[in-house]
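> Below: one structure in structure tokens.
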């Protein structure tokens, strides 16, 4: 079956992989942003009825999972396995959020690239016949992420303009073999890329080299040009990361300025919502994919996109020990269904 | 290809998956234990030449990876992708340890079940034709784990007899399609199992229900009896977790007391090494698998084993917030090669 491998890092899926359903749940701030109409649920309570940020994030994952499964007309017991993870230490949002579903799970850590990793591994598994239905999801929460990586909210720390705002939300997709609203046709697995940058308040700059690496490799492996995609969509580079990405790819001979879109720049209106460089977090790419992006594909407004969520591989320990912030990005090729497909 | 799926949670691999090589590196205490002769490298310096426990753990992963790749007669550039993770928040041991190899990576979080998760996803990928050579690895370090989950070492906290001792070490395997020293023939994906236990100093008890669930499901899915395996090997249940596992499985109609072995009980001599219930950590199952277990399979002393590393899905935040400690276990069926295979 080796003919599925493309170039150095990619796989062209040999069998049909469909996105049967997608679901998104976000917080109030995301619900006030430009994509408001596309989300399934907008919660007004940032605690989502819970007693801690972490529990709230778990509820987000559980809700997104249940909605996606329901939209696909399935029950949790019909899902063969799921690929999930989150930003919190030891991925507790996923563990506690998904335990009740009783679906076999492979836990992931890809920082904010997790939705790409999850869709990639889910698609590889469906194509190989390892499951009729596979669930892919991730989440983030502004409160739990600030607690995990930065300062207590009560401290009221000022944020530099290069900083991003962690999205409160979870996005989930059910993959299968037939029907559905879009198809996954290829995957490009990312490498860890470290340019030595150390500013955790400028993660767009830290992740842009990884996004460049994966997009470049995807174009090489599939022998495509940027215009072969209607959109090339990164996760949460933000405005500063976007500038760097476009520059880096130009140096490699590719101009993607017409195709590029960043979920972090799309989910908030930076001018009115005080989100500086844009949105971020696993939930940023996941909720934008499960709502806005999926709707564009289902409407056949976009025929083929490259979805490249980006992750910054730092922890507060590595940061405090003076380490750099390496990045990673996983690429997933998603296409609209032809009429009758 | 759906005929590969077995029962509810398992896959019988359709194509040949071989373990081409395995490598292990451990610390001094592990090197003084009963498995001393089987490890490739025993380090005398717990810092492995580094300035922090986290960096030391990264060095362990890098060394194990390079040894395994070298033993397989390969170069890092020939490895199509790798599956890796560790116990630390945001998996920094893997990110910083593996960045220099420049191999596409899927980051995992399965707590101490990670070697099972890594081998499972690696084997599924090789069988599906997604890579000629795939690297599977994980690590743990006593110093970094105590810092991550428990008390400062300088505090000299007393440990209850139910506690385990985190193994300092990393184990790595290169998978391929031909040749090699053993073969992977099946995989059982684990579910998160939560019996509501909250004692993070008795993780064997927290993980035993998950081990029971996965072993039971493996036997059902493949329609096997315990005696169809020469060994059923858990990761780090320790002596208390073992007792619970055997009891739980007896309640379900299976007596595995003759086949059961626990890596945590094997790696240390609890009586003379003051390790209480046994060894633990991702590196426990990984180093014992890459050394002792692989040697028994290569010698054909064992014909077929079920390897079931077990993970406790807690973080210090979830623990401090009064949450329970759910468990997970992934099963991998490994068989000796027939003569001439």
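Read-outs throughout are calculated quantities, based only on the coordinates presented, and are distinct from any laboratory measurement. Note that the coordinates shown come from a computational prediction; the quantities given were computed from them, not determined experimentally. When we count neighbours, we look across all protein chains shown, and the Cβ atoms used for this are built from the backbone with ideal geometry, even at glycine.
> Could you quote the convex hull projected area for chain A, Cα atoms only and averaged over all directions, in nm²?
Mean orientational projected area (chain A, Cα hull): 15.9 nm².
> With springs only between Cα atoms under 10 Å, which of B:22, B:315, B:77 fluctuates most in a Gaussian network model of chain B?
B:77
> For a footprinting-style exposure proxy, rank A:12, B:154, A:51 by other Cβ within 10 Å, fewest first. All intermediate terms of the calculation are to be shown ahead of the outcome.
Numbers: A:12 16, B:154 6, A:51 10.
Ranking A:12, B:154, A:51 by Cβ neighbours within 10 Å, fewest first, gives B:154, A:51, A:12.
> Another question, then. What is the stretch A:86-131 by shape, rounded, prolate or oblate, if you read a ≥ b ≥ c off the alpha carbon gyration tensor as root eigenvalues and call it rounded for a/c under 1.5, prolate for a/b larger than b/c, and oblate otherwise?
In terms of gyration-tensor shape, oblate.
> Quick check on the protein assembly as shown: of the DSSP beta bridges with both residues there, what percent are antiparallel, nearest 5%?
Of all bridge pairs located within the protein assembly as shown, approximately 65 percent are antiparallel.
> Which percentage, to the nearest 5, of the DSSP beta bridges contained in the stretch A:182-335 is antiparallel?
Within the stretch A:182-335, antiparallel bridges account for around 65 percent of the total.
> Please report the antiparallel percentage of DSSP beta bridges with both residues in chain B, rounded to the nearest 5.
65 percent
> Here's a follow-up. With N set to the residue count of the stretch B:217-288, report its C-alpha Rg divided by 2.2 N^0.38 Å to two decimal places.
Taking N as the residue count of the stretch B:217-288, the ratio is 1.17.
> Also: In nm, what does the list of distances from residue A:151 to its counterparts in the other copies look like, shortest first, when each label sits 7 Å along Cα to Cβ?
Its label point is 3.3 nm from the equivalent points in the other copies.
> Determine the relative contact order of the stretch A:280-341: mean sequence separation of Cα pairs under 8 Å and six or more apart, normalised by residue count, in whole percent.
Details: 58 pairs, mean separation 22.9, N = 62.
This gives 37 percent for the stretch A:280-341.
> With the crude spin-label approximation of a point 7 Å out along Cα→Cβ, what separation in nm comes out for residue A:300 versus residue B:178?
Between residue A:300 and residue B:178, the label points sit 4.6 nm apart.
> Which order results if A:166, B:287 are arranged by neighbouring Cβ count within 10 Å, fewest first?
Starting with the residue having the fewest Cβ neighbours, the order is A:166, B:287.
> Okay, next question. Just for the Cα atoms in the stretch B:182-335, what are the lengths along the principal axes, largest first, rounded to whole Å?
If we take the Cα atoms of the stretch B:182-335, the spans are 47, 36, 23 Å.
> So, in nm, how far is label residue B:66 from label residue A:225 when the simple model puts each one 7 Å beyond its Cα toward the Cβ?
Going from the residue B:66 label point to the residue A:225 one covers 4.3 nm.
> Seen from all sides and averaged, what is the projected area of the convex hull of the Cα atoms in the stretch B:1-149, in nm²?
10.0 nm²
> Using Stokes-Einstein with the Kirkwood hydrodynamic radius over Cα pairs, what translational diffusion coefficient do you get for the stretch B:99-231 at 37 °C and a viscosity of 0.692 mPa s, in µm²/s rounded to a whole number?
Result for D is 187 µm²/s.
> With each run of n ≥ 4 DSSP H residues scored as -39500 (n - 2.57), what mean residue ellipticity at 222 nm is computed for chain A after dividing by its residue count and rounding to the nearest 500 deg cm²/dmol?
Working: 12 runs with 111 residues, N = 341.
Computed ellipticity for chain A at 222 nm equals -9500 deg cm²/dmol.
> Quote the relative contact order of chain A in percent (integer), defining contacts as alpha-carbon pairs under 8 Å separated by 6+ residues.
With pairs under 8 Å counted, the relative contact order is 25 percent.
> Here is a follow-up. Would you mind telling me which residue in A:52, A:280, A:125 has the biggest mean-square fluctuation in a Gaussian network model of chain A, where springs connect alpha carbons within a distance under 10 angstrom?
It is A:52.
> Taking the Cα centroid of the stretch B:131-186 and of the stretch B:322-341, what is the distance between the two, rounded to the nearest whole Å?
14 Å
> Cα-based Rg (one decimal) and Dmax (whole number) for the protein assembly as shown, in Å?
23.0, 71
> If you don't mind, there's one more thing I want to ask. Taking 8 Å as the Cα distance limit and 6 or more residues as the minimum spacing, I'd like the relative contact order of the stretch A:2-176 as a percentage.
30 percent
> Something else: Put a dot 7 Å past each Cα toward the Cβ at residue B:75 and residue A:341; how far apart are the dots in nm?
Distance between the two pseudo-spin positions: 3.9 nm.
> Same structure, new question: Within a 10 angstrom radius of each residue's Cβ in A:318-326, how many Cβ atoms of other chains show up on average? Whole number is fine.
Numbers: counts 11, 2, 1, 7, 2, 7, 2, 1, 5.
Mean number of neighbouring Cβ atoms from other chains: 4.
> At residue A:49, with labels set 7 Å past Cα in the Cβ direction, how many nm apart are the copies from this one, shortest first?
Ordered by distance, the counterparts are at 5.6 nm.
> With r defined as the distance between the Cβ atoms of residue A:257 and residue B:151 and R0 fixed at 51 Å, what FRET efficiency is calculated, to the nearest 0.05?
0.45
> If each label sits 7 angstrom from Cα along the C-beta direction, how far apart, in nm, is residue B:303 from its counterparts in the other copies?
Output for residue B:303: 5.7 nm, nearest copy listed first.
> Going by how many other beta carbons lie within 10 Å of each one, how would you line up A:240, A:184, fewest first?
Arranged by neighbour count, lowest to highest, A:240, A:184 become A:240, A:184.
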